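To keep things clear, I will list the structure first and then write my remarks on it.
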Amino acid sequence: MSAYKKILNYAGEHKNKIYLAMSLILASVLVGIVPYIIAYNIILSFIVRDSVTVNYLLLMSAGIILSLLLKSFLYLKGLGASHEAAFDTLMGMRIKFAEKMTKLPLGDINNKGKGSYKKNFVDDIESIEALIAHMLPEGIPYIVVPIVVYIILFILDWRLALLAMGSIPLGMAAMIMMMKIGLKKMKPYYEASSKMNSNIVEYISGMEVIKIFNRTTNSYEKYVSSVENYKKYTLNWIKDSWTYMAIYGTVMPCTILLLLPVGTVLYINGSLELSSFVFSLLLSMSIGIPLVKLIEFFPIIPNLKYKIDQLEKTFQGEELKIEDRGINPNNYDVDYKNVTFAYEKKDVLKDVSFSAKENSVTAIVGESGSGKSTLAKLLVHFWDVKDGEITIGGVNINEMSYEKLMDLISYVSQDNFLFNTSIIENIRIGRPDANDEEVAAAAKLAMCHDFIMKTTNGYNTNVGEAGDKLSGGEKQRITIARAILKNAPIIILDEATAFTDPENEDKIQEALNQLIFGKTLIVIAHRLSTIVKADNIVLMKEGNLLMQGTHEKLLAQSDIYKSLWTSHIKSMNWDINVKGVQNA
């Protein structure tokens with residue numbers, strides 16, 4: 001029942017539509033009994049009353065037709081209301097799920113994996129539709145009506161009532177066996193399904209590498225193996241359940257299984273009136289379909305419970321610490337004060353303190369894994385710090401709403417992402433209320449107007465899945481245009497030119513110069529030559545702040561920085577020496 005309470009809680013303001021659907025479908029099922037009662041009256045008229053006329057038969061036939069039409073009408077109206085409630089609830093759940101994800105630490109999201117959240121967001125929430133649209137509005141009427149019918153039968157003759165219930169134990173036994181099999185098979189089935197989905201994504205995503213290195217055979221075998229494994233578990237589950245499905249599907253609706261033969265004996269022996277016997281036969285037949293539909297919902301329950309539990313793990317996940325006090329920062333100085341941070345239990349930043357002043361450039365350098373990008377991501381509150389605090393203008397970022405914090409910061413990383421929509425809409429993400437002229441102006445400052453105008457539809461050109469119709473440098477300039485349009489006072493550049501070619505790097509650097517003027521700029525440096533004029537350079541190693549100062553100071557006083565600088569200078573002069581090309 002807890003699952004049903006959670007669903008009703010998800011439904012919120014749409015619960016009234018669910019109750020309306022229940023009422024309409026209950027009325028539909030009750031009206032569905034009327035034709036059997038009319039048929040009973042007709043049979044008695046032939047057998048007992050001997051008073052059947054053509055007008056009487058026409059009237060009774062009209063009653064049956066009207067009852068069936070009314071039953072269908074009420075059922076359709078009930079399903080309409082339940083489906084409206086279902087899809088409104090699903091929309092609300094997806095909005096709530098998306099909002100929840102913005103409040104979860106990014107580390108938790110990365111650890112769980114994108115595929116898992118995609119399954120929650122699309123598949124698991126979609127499965128709730130069956131519960132709201134069918135199981136709740138149909139299940140309760142299908143329980144209530146058989147109970148009412150059996151009460152009537154017990155009042156009429158307790159023997160007939162017990163005989164009419166004869167098919168239920170057999171059908172329920174088969175259903176219970178199916179549910180036991182389902183509970184046993186469910187976990188390995190979902191594991192096989194998850195593995196197959198992962199291998200399919202990996203196979204398609206890695207197609208370029210597979211072809212280049214001629215690994216088609218091995219990769220395809222892994223893909224086929226996972227599909228075969230999934231097929232094996234699916235067929236095994238169906239095979240083990242098929243017999244029980246046939247039993248309950250055949251036996252459960254046959255409510256006259258014992259009533260007809262035993263009732264006939266009772267009638268012949270004179271211990272049962274014909275009218276009672278006929279009435280009980282027809283009334284019990286009227287609940288055959290509701291019983292089958294009710295039982296059909298039972299195997300779905302464990303499946304839905306499993307999916308709801310998975311959703312609840314996300315909905316109940318520990319959120320980032322945000323206590324919005326509505327305080328505006330005095331300036332745009334960024335201060336890291338004794339910041340310690342850990343992924344799970346291992347500290348990756350240890351007691352780090354430094355300041356990034358307004359209208360200045362602060363660079364963070366160090367070897368891979370030193371904690372550079374982590375410092376940047378902590379500022380945009382992707383995680384909570386373990387100890388210490390980060391402030392903007394004297395205000396702890398934990399005391400700002402996420403919306404307020406994001407208004408203050410533009411973040412440009414090497415891992416740029418474009419949505420599968422037009423170029424103009426991808427840029428407009430920076431400021432949704434910007435008009436087309438403002439978007440174009442930002443694009444020109446970001447050095448991407450010219451290449452945009454060369455595309456098929458200019459600014460209305462669709463960039464494709466994750467921007468795959470554009471080059472890496474073009475995508476990077478689009479993300480910079482976003483940041484320029486946003487015009488936030490604090491800029492974070494997380495190795496924004498790390499993987500660009502020289503031509504694009506020059507254009508991106510020029511675009512960045514338009515972006516950073518007069519801002520608080522924090523640069524995660526990959527190429528040290530780009531930050532030699534920084535006002536302050538923070539040198540990191542294994543999560544510790546070793547030293548900070550100007551390029552000249554670090555070069556003179558830090559052997560580690562000097563080593564990084566020497567390596568960088570050598571890398572700029574790297575070349576490939578290929579012998580014999582002159583004779584080629």
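If you check S67, S61, S28, which single one turns out to be out of contact with any helix residue (DSSP H, G or I) (no Cβ under 7 Å at 6 or more places or on another chain), modelled with pLDDT of 85 or more and not aromatic (F, W, Y)? Before you say what the answer is, go through the steps one by one.
Details: S67 fails: out of contact with any helix residue (DSSP H, G or I) (no Cβ under 7 Å at 6 or more places or on another chain); S28 fails: out of contact with any helix residue (DSSP H, G or I) (no Cβ under 7 Å at 6 or more places or on another chain).
Unique residue meeting the criteria: S61.
Tally time: how many residues in region 251-264 are β-branched (V, I, T) and in a helix (DSSP H, G or I)?
Here is the first cut: in region 251-264, the residues β-branched (V, I, T) are 251, 255-256, 262, 264.
Next cut, in a helix (DSSP H, G or I) only: 251, 262, 264.
Final tally of qualifying residues: 3.
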TODO: Could you check how many residues of region 540-563 are aliphatic (A, V, I, L, M), crowded, with 18+ Cβ neighbours inside 10 Å, out of contact with any Gly (no Cβ under 6 Å at 6 or more places or on another chain) and closer than 21 Å to V348 by Cβ?
DONE: 1
Open item on the list: Pull out all pairs, ordered by first then second residue, where Cβ-Cβ is under 9 Å, the residues are six or more apart or on different chains, the first lies in region 266-285 and is over 13 Å from L163 (Cβ atoms), and the second is at pLDDT below 85 and exposed (fewer than 14 other Cβ atoms within 10 Å of the Cβ).
Closed with: L274/I47; L274/V48; S275/I47; S275/V48; V278/I47
TODO: Mind listing whichever residues of region 53-90 are closer than 20 Å to L281 by Cβ and over 46 Å from the mean Cα position of the chain (by Cα)?
DONE: M60, G63, I64
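Test T250 against the stated conditions and say whether it is surrounded by fewer than 16 Cβ atoms within 10 Å (Cβ to Cβ) and touching a residue at least 12 places away in the same chain (Cβ under 8 Å).
On the way: surrounded by fewer than 16 Cβ atoms within 10 Å (Cβ to Cβ): yes; touching a residue at least 12 places away in the same chain (Cβ under 8 Å): no.
Considered against the rule, which asks whether it is surrounded by fewer than 16 Cβ atoms within 10 Å (Cβ to Cβ) and touching a residue at least 12 places away in the same chain (Cβ under 8 Å), T250 comes out as no.
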Task: Matching residues in region 236-247 - criterion: being of a type in the set (F, W, Y) and either on the phi > 0 side of the Ramachandran plot or surrounded by 17 or more Cβ atoms within 10 Å (Cβ to Cβ) (or both) - done: W237, Y244
Task: Search result, residues across region 432-465 that are small (G, A, S) and part of a helix (DSSP H, G or I) - done: A440, A441, A442, A443, G458
TODO: Taking the options M179, M135, name whichever one is within 30 Å of T89 (Cα to Cα) and not assigned by TED's automatic domain parsing to the domain that holds S28.
DONE: M179
Task: Of all residues in region 265-275 being surrounded by 13 or more Cβ atoms within 10 Å (Cβ to Cβ) and part of a helix (DSSP H, G or I), the one that is modelled with the highest pLDDT - done: L266
Task: Failed item, numbered, when V348 is tested on (1) part of a loop (DSSP other than H, G, I, E, B); (2) at pLDDT 80 or above; (3) touching a helix residue (DSSP H, G or I) at 6+ places or on another chain (Cβ under 9 Å) - done: (1)
Open item on the list: For region 55-74, check the following and say yes or no: at least one residue is assigned to a helix (DSSP H, G or I), closer than 22 Å to Y150 by Cα, small (G, A, S) and without any contact (Cβ under 8 Å) to a residue 40 or more places away in the chain.
Closed with: yes
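Return yes when I364 is out of contact with any Phe, Trp or Tyr (no Cβ under 7 Å at 6 or more places or on another chain), without any contact (Cβ under 8 Å) to a residue 24 or more places away in the chain and crowded, with 17+ Cβ neighbours inside 10 Å and no when it is not. Lay out the reasoning, then the answer.
Working: out of contact with any Phe, Trp or Tyr (no Cβ under 7 Å at 6 or more places or on another chain): yes; without any contact (Cβ under 8 Å) to a residue 24 or more places away in the chain: no; crowded, with 17+ Cβ neighbours inside 10 Å: yes.
Against the criterion (out of contact with any Phe, Trp or Tyr (no Cβ under 7 Å at 6 or more places or on another chain), without any contact (Cβ under 8 Å) to a residue 24 or more places away in the chain and crowded, with 17+ Cβ neighbours inside 10 Å), I364 does not qualify.
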Open item on the list: Checking I516 against (1) modelled with pLDDT of 75 or more; (2) closer than 27 Å to T374 by Cβ, only one condition comes out false. Which one?
Closed with: (1)
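Restrict the check to region 290-297 and report whether at least one residue is of a type in the set (D, E) and crowded, with 17+ Cβ neighbours inside 10 Å. Step through it out loud before you land on a result.
Going through region 290-297, the residues of a type in the set (D, E) turn out to be 296.
Cutting the leftovers down to crowded, with 17+ Cβ neighbours inside 10 Å gives us 296.
Yes, there is a match, as at least one residue in region 290-297 is of a type in the set (D, E) and crowded, with 17+ Cβ neighbours inside 10 Å.
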TODO: Please identify the pairs in which a residue from region 304-322 that is charged (D, E, K, R) has its Cβ atom under 6 Å from the Cβ atom of a residue that is assigned to a helix (DSSP H, G or I), counting only partners at least 6 apart or on another chain.
DONE: K305/A3; K307/D124; K307/S127; E319/K103; K321/N398
TODO: Please find, among I128, I147, the residue that is more than 22 Å from the chain's Cα centre (by Cα) and not assigned by TED's automatic domain parsing to the domain that holds V348.
DONE: I147
Open item on the list: So for region 110-128 (the condition being of a type outside the set (V, I, T), surrounded by 14 or more Cβ atoms within 10 Å (Cβ to Cβ), within 30 Å of I287 (Cα to Cα) and touching a residue at least 24 places away in the same chain (Cβ under 8 Å)), does at least one residue qualify?
Closed with: yes
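The values are calculated or read from the model by the stated rules, or taken from the named source; none is laboratory data. As the structure is a prediction and not an experimental result, all values here were calculated from the model. Neighbour counts run over all protein chains shown; Cβ positions are idealised from the backbone, glycine included.
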